[in-house]
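The values are calculated or read from the model by the stated rules, or taken from the named source; none is laboratory data. Note that this is a predicted model, so its numbers are computed, not measured. Every residue, glycine among them, receives a Cβ derived from its backbone with ideal geometry; neighbour counts consider all protein chains shown.
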Amino acid sequence: MAAILSRVGAFCARRRWLVVGAWAVVLVLAVGLAARFAEPLDTKLTVSGLQSTETLDQVDREFGGGGGGGRVVVAAPAGHTLAEYRTALAPLGTRPTVAPDGRIGYFTVATAPAPSVLDQVRSAGLEVAESSELAPPPGGSSSPGIGLLIALVVLLVTFGSLSAAGLPLLTAVLGLGISLAGLYAVTAVVSVNSVAPTLAILLGLAVGIDYALFLIDRHRRQLLGGNEDVRASIALATGTAGSAVLFAAVTVIIALAGLAVARVGFLTEMGLAAAGAVLVAMLMALTLTPALLSLAGRRVVGRRWLPAPKVAPRWVGVVVRHRGVAVTLSVLLLAVLTAPVLGMRLGLPDDGSDPPGATDRRAYDLIAEGFGPGANGPLLVLAEFGGTPDPGPLTERLAAVPGVARVLPSGVRGRDALLTVVPESGPSDAATATLVAKLREQRLVPGVTLLVTGQTAVAIDISDHLRDALPWYLALVAGFAFVLLMVVFRSILIPLKAVLSFLLSLGAALGCTVVAFQWGSGPLLGFLPTIVIGVLFGLSMDYEMFLVSGMHEEHRRGATPPEAVATGFGRGAKVVTAAALIMIGVFGGGVAGGDPVTRPIAFALAAGVLVDAFVVRLVLVPAAISLFGRAAWWLPRRLDRVAPTVDVEGAALAR
């Protein structure tokens, strides 16, 4: 593989303008197709096959949607009631539903009233707020520019060359543009959910910078080491570092495609969109990066602004000398950070998740204040009778179930009766999920089957489905990573350590997110753990492959275990640190300027990269490998004979 990639790099360096022109054509073509054929993205997060979704479809057919629409919530000033403002409320509808205290009420409408009408009501002294069905919550201003600026600063400090610093950003942005344009162009033939680009943007930008960074760093080290032939150095870098890039990318692509095991449409779309972004990033790193390096010539070496730092050799020396303590302390730290995951709750966002200043959040709070928290997430109970429906006794018995605030008859059709059950708890409270499960188990009236649905029940079922599918996806990712790393490094302990350390990084990232966003608030986004697994796994594979491949290369050259760890770590620690700082900056921009949905995702990824790079890769990995000694590179003979030979370090090129 290294020899093949070396020839690819040599060709791209030699025919640099052809390669640059070809990628320019691909970009223009993708943007043109997207501009011409792109369709709006689907905004519904649904999962087929769930009882609640099928029952909701039945309710829509029989009862006309069971009370769909949005709410315009109005509130009179303290000490007054809405009855005093009948004339002012007339433009909103005929009659509002008023809370027992008479101060708060709401109108259920199909479309949002004109802004002038709302202003007229406000001018009378009333507070007016709209639910998200009428006024979608305002999104935060995402901050990719902040992340890219941080990336540029880190790369300038790392390389001391504007040419070397700019190339990873250029290839990453171009690759992301091609990926997104291609994704929007695909909407002409298939429906794509609005959440699909999220993972593609995060992971495409991350690995786009990382992959180019790895190749450029290898090329610069070769030039600084005395290699005078720029094109020969590019070919060698593409064959060596490019091999690590290829196998890391293939691992991530398969893991992302594995999101299909969850059998959730929008997650499958997210996985495939992100896999496409990773594929484009890999192809650009292996072709466009060599071409741009050829155009830059020796300018990528730049000038050394500061003396060569001795931090990495000193650090790894301390870690190797105290390897047992380093392994113990790093594992304990990660375990402590992981502990809050035991209390993690998953859900889907609702109006109560939005910032307090948003109009839909204010509508949510007013409804809870006037009608009780359960009024924001009523349940629909479809009662199927064997004969003529008599919902009276069922209504009384449902109202007596613990956790039910009130029950409202909502219609009878044929042998079915629809009842609206208002819980005592809010839609995102754990007590509401318990109530849904309890209602499904109830046999309150003989011969009557109860089916629970409504948006709250659907959200609970989707979250449960995602939670149940998570272990299977995690097992798929971990298992594939173990097999691939075993083949690449001819080792049992190295892939085992890699899988366990990734799980610790993942647990720490999710634990920190639980503390920051769940404690004192609502549950985490249902598909947040899945997204974090996909992105963090991709970055962990990058760092693991690049750092450990250097150690493996030294081991194959005959170095002793401590020497292999020290030399390989010293060569890769700087670039892994730079890549991690860049990703923390990119994801940190999402935390600072993201919306309520993307902010916890960005935080989890930033925390995950922080612990994975600076605790796992820079402490646990060198300590554990030095603790293993020569056993780190041991593979049973039977496996060694059947496993294919993968030349990631480019031993064939060295020969």
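Considering 57, 101, the condition of being outside any helix (DSSP H, G or I), of a type in the set (D, E, K, R) and surrounded by fewer than 17 Cβ atoms within 10 Å (Cβ to Cβ) is satisfied by 101 alone.
Taking the stretch 112-130 as the range and being surrounded by fewer than 14 Cβ atoms within 10 Å (Cβ to Cβ) and closer than 20 Å to residue 364 by Cβ as the test, only 122 passes. Within the stretch 347-360, is even one residue surrounded by fewer than 23 Cβ atoms within 10 Å (Cβ to Cβ), of a type in the set (S, T, N, Q) and free of Cβ contacts under 8 Å to residues at least 24 places away in the same chain? No; the residues of the stretch 347-360 include none that is surrounded by fewer than 23 Cβ atoms within 10 Å (Cβ to Cβ), of a type in the set (S, T, N, Q) and free of Cβ contacts under 8 Å to residues at least 24 places away in the same chain. Of everything in the stretch 99-117, what is among the aliphatic types (A, V, I, L, M) and without any contact (Cβ under 8 Å) to a residue 40 or more places away in the chain? Give them in sequence order. 114, 117, listed by residue number.
Taking residue 452 as the residue in question, decide whether it is under 34 Å from the mean Cα position of the chain (by Cα), assigned to a strand (DSSP E or B) and of a type in the set (A, V, I, L, M).
yes
Mind listing just one residue for me: the one in the stretch 60-77 that is part of a loop (DSSP other than H, G, I, E, B) and in contact with a helix residue (DSSP H, G or I) (Cβ under 6 Å, 6 or more places away or on another chain) and, of those, modelled with the lowest pLDDT? Checking each candidate, the answer is 66.
Taking the criterion of being farther than 29 Å from residue 572 by Cβ, at pLDDT below 85 and in contact with a strand residue (DSSP E or B) (Cβ under 6 Å, 6 or more places away or on another chain), would at least one residue in the stretch 138-155 satisfy it? Scanning the stretch 138-155 turns up no residue that is farther than 29 Å from residue 572 by Cβ, at pLDDT below 85 and in contact with a strand residue (DSSP E or B) (Cβ under 6 Å, 6 or more places away or on another chain).
Going through the stretch 430-449 one residue at a time, which ones are in contact with a helix residue (DSSP H, G or I) (Cβ under 7 Å, 6 or more places away or on another chain) and assigned to a loop (DSSP other than H, G, I, E, B)?
Within the stretch 430-449, 444, 445, 448 meet the criteria.
Provide a single number: the residues in the stretch 336-357 that are assigned to a helix (DSSP H, G or I) and within 30 Å of residue 73 (Cα to Cα).
3
You will find that of 378, 427, the residue that is in contact with an Asp or Glu (Cβ under 6 Å, 6 or more places away or on another chain) and either touching a residue at least 60 places away in the same chain (Cβ under 8 Å) or outside the structural domain of residue 57 (by TED's automatic domain parsing) (or both) is 427 and no other.
Residues checked against (1) modelled with pLDDT of 90 or more; (2) in a helix (DSSP H, G or I); (3) within 23 Å of residue 326 (Cα to Cα):
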| site | (1), (2), (3) |
| --- | --- |
| 581 | no, yes, yes |
| 585 | no, yes, no |
| 596 | no, no, no |
| 610 | yes, yes, yes |
| 631 | yes, yes, yes |
